[in-house]
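S.K.: Okay, here's the structure, questions in a sec.
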Amino acid sequence: MEDASSYPPAKKTGKKPAPAPFGKAKAAKAPQNPLLEATPKNFGVGQDIQPKRDLTRFVKWPEYVRLQRQKVILHQRLKVPPAIAQFSHTLDKNTATQLFKLLHKYRPETKKEKHERLTKTAEATAEGKTEDKSDPSKKPLFVKYGLNHIVALVEAKKASLVVIADDVDPIELVIFLPALCRKMGVPYVIVKSKARLGRVVHKKTSAVLALQDVKKEDDRELANIISAAKANFTDKYDEHRRHWGGGVRGNKSTQKLRKRAKAAGQTLGAAIAKA
């Protein structure tokens with residue numbers, strides 16, 4: 001039997017054994033009351049009440065909401081005649097802000113204000129004081145509203161500026177106004193929201209408003225708005241009359257056309273024009 005010392009020493013591979021992990025200190029458990037038993041909830045069918053979730057996708061919307069959303073989609077998909085499509089071109093935000101600031105200076109008086117004014121006039125008359133009604137400076141200047149009234153002002157060329165809402169329903173009520181204003185040489189603008197126009201005249205909605213006269217200190221502001229109205233609407237009337245609206249495809253249809261165009265080696269624009 002050979003002696004173990006006669007064998008050559010084992011070669012070191014250079015790998016060290018992994019160090020022993022340090023023992024993790026166990027956190028002390030909080031003492032529990034043995035009288036309180038854990039009652040885990042069971043969310044099975046007919047069991048505990050489910051937690052609250054965002055149910056937006058499961059809501060059945062009211063009919064008026066569905067109708068107005070469907071109407072928007074139809075206006076995008078179908079081809080819209082130029083006479084109606086021109087109402088999608090509205091006044092820019094900055095000019096619209098200036099316009100409504102000016103309109104709010106000439107809001108019509110409320111019933112209460114009118115009652116107070118008439119009471120003061122009656123008291124002055126009773127005391128023997130008469131006001132000079134021929135003085136134009138004392139004549140109240142208000143925003144004009146009411147479709148028939150404004151049409152009469154435009155036909156008589158007495159309106160300085162006509163403001164039309166873009167969401168009048170039915171649109172036939174105001175569809176002729178841009179052409180009438182252009183024919184009579186009256187500047188007009190189309191703005192968003194008939195409700196915003198309505199707030200100016202203490203109503204829920206208003207299809208159209210008009211400014212007839214303003215005070216001298218507001219002449220410059222009105223002139224700036226009129227120049228913007230002529231540049232954006234009156235001068236572009238012929239251009240708007242030639243362009244149809246709508247014809248905007250949805251996401252699904254656009255993706256199908258994109259795949260078809262890619263397979264045929266065409267651009268998306270060519271595929272849409274061909275379709």
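S.K.: What number of residues within the stretch 251-266 satisfy the criterion of being surrounded by 11 or more Cβ atoms within 10 Å (Cβ to Cβ) and in a loop (DSSP other than H, G, I, E, B)?
M.R.: Number satisfying all stated conditions: 1.
S.K.: Exactly one of these conditions fails for K79: (1) among the basic types (K, R); (2) under 23 Å from the mean Cα position of the chain (by Cα); (3) surrounded by 10 or more Cβ atoms within 10 Å (Cβ to Cβ). Give me its number.
M.R.: (3)
To keep it simple, each residue is scored yes or no on (1) closer than 29 Å to G245 by Cβ; (2) at pLDDT below 95; (3) not in a helix (DSSP H, G or I).
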position	(1), (2), (3)
I84	yes, yes, no
T90	yes, yes, yes
E109	no, yes, yes
L118	no, yes, no
E123	no, yes, no
K129	no, yes, yes
L141	no, yes, yes
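S.K.: Another question about this same structure. A210 - would you say it is within 29 Å of T97 (Cβ to Cβ), part of a helix (DSSP H, G or I) and modelled with pLDDT of 90 or more?
M.R.: no
S.K.: Moving on. Under 9 Å by Cβ, and 6 or more places apart or on different chains, what pairs join a residue from the stretch 166-184 that is at positive phi with one that is surrounded by fewer than 16 Cβ atoms within 10 Å (Cβ to Cβ) and part of a helix (DSSP H, G or I)?
M.R.: Note: no pairs meet the criteria.
S.K.: Go through the residues of the stretch 251-273 one by one and say whether even a single one is in contact with a strand residue (DSSP E or B) (Cβ under 8 Å, 6 or more places away or on another chain) and within 18 Å of Q76 (Cα to Cα).
M.R.: Looking through the stretch 251-273, none of the residues is in contact with a strand residue (DSSP E or B) (Cβ under 8 Å, 6 or more places away or on another chain) and within 18 Å of Q76 (Cα to Cα).
S.K.: Across the stretch 60-77, which residue is farthest from G247 (Cα to Cα) among those that are in a helix (DSSP H, G or I) and of a type in the set (D, E, K, R)?
M.R.: Filtering first and then ranking leaves E63.
S.K.: Would you check which residues across the stretch 221-242 are over 16 Å from A96 (Cα atoms) and surrounded by fewer than 13 Cβ atoms within 10 Å (Cβ to Cβ) and list them?
M.R.: Within the stretch 221-242, D235, D238, E239, R242 meet the criteria.
S.K.: If I filter the stretch 100-132 down to residues being in contact with a helix residue (DSSP H, G or I) (Cβ under 8 Å, 6 or more places away or on another chain) and over 19 Å from V200 (Cα atoms), which single residue comes out as surrounded by the fewest Cβ atoms within 10 Å (Cβ to Cβ)?
M.R.: Top of the filtered list is D132.
S.K.: If you don't mind, there's one more thing I want to ask. Within the stretch 216-250, how many residues are part of a helix (DSSP H, G or I) and farther than 20 Å from I175 by Cβ?
M.R.: Total satisfying the criteria: 15.
S.K.: Return the only residue of V174, V163, V189, V154 being β-branched (V, I, T) and out of contact with any strand residue (DSSP E or B) (no Cβ under 6 Å at 6 or more places or on another chain).
M.R.: V154
S.K.: On to the next question. Do we find a residue being under 14 Å from L211 (Cβ atoms), surrounded by 14 or more Cβ atoms within 10 Å (Cβ to Cβ) and at pLDDT 95 or above anywhere in the stretch 164-175?
M.R.: Yes, the stretch 164-175 contains at least one residue that is under 14 Å from L211 (Cβ atoms), surrounded by 14 or more Cβ atoms within 10 Å (Cβ to Cβ) and at pLDDT 95 or above.
S.K.: Can you spot a residue in the stretch 223-235 that is of a type in the set (K, R) and either closer than 30 Å to T110 by Cβ or free of Cβ contacts under 8 Å to residues at least 40 places away in the same chain (or both)?
M.R.: no
The values are calculated or read from the model by the stated rules, or taken from the named source; none is laboratory data. As the structure is a prediction and not an experimental result, all values here were calculated from the model. All Cβ positions, glycine included, derive from the backbone under ideal geometry; neighbour counts span all protein chains shown.
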